[in-house]
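Working notes, structure below.
The values are calculated or read from the model by the stated rules, or taken from the named source; none is laboratory data. Everything quoted here is computed from the prediction, not taken from an experiment. We place every Cβ from the backbone using ideal geometry, glycine too, and count neighbours over all the protein chains shown.
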Amino acid sequence: MPPPAPFIRSITFWAGLVVFFFLLNAWLDSRMQETSLVWQRTRGADYHAINREGLIWLFTDLHSPGRSGRTPEVLINRHDLYRGNPYPPADGFWEMVWFPPAVRHKAANGEAEIAVAHWFLILLHLALWGLLIYYRHRRIRRARATTASFAVADGG
């Protein structure tokens, strides 16, 4: 068994770093832009995902007009939140934009809505990534110890 690659060359490290920077960019982008993804179906509810003001909103829309006879569509929209004003309103800037509540949930009339804060997703990612890296380190250390014990038992 060849020796494991150093930590900096592991795919676990680089994949986790890419995801971290993606989440960080989405958080910063959500301060000034709103990006929405809508899956419009021919029957039933439409599904929405919106990245806005430090939150990712996921919800269903049962009150959308009927579209029988049309094909399902996926719409992607993007627009500025503060038209012409490069800065958001001063009232509650730090609380509302940077650190909104971690998770919000609302369900009424068959519609569901959940909002997850970007800072919460980043902390969750860092915790899971750290656990995965620790598990990898432990597994490699055990493999080295097992290989060393076989070498001693063989007399060489």
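Residues in the stretch 35-61 that are under 20 Å from Phe99 (Cα atoms) and either at pLDDT below 85 or hydrophobic (A, V, I, L, M, F, W, C) (or both): Ala49, Ile50, Glu53, Leu55, Ile56, Trp57, Leu58. Exactly one residue out of Trp129, Trp94 is modelled with pLDDT of 65 or more and assigned to a helix (DSSP H, G or I): that is Trp129. Scanning the stretch 24-42 for residues that are closer than 16 Å to Ala115 by Cα and either among the small types (Gly, Ala, Ser) or buried (at least 16 other Cβ atoms within 10 Å of the Cβ) (or both) yields Ala26, Trp27, Ser30, Arg31, Glu34, Thr35, Ser36, Val38.
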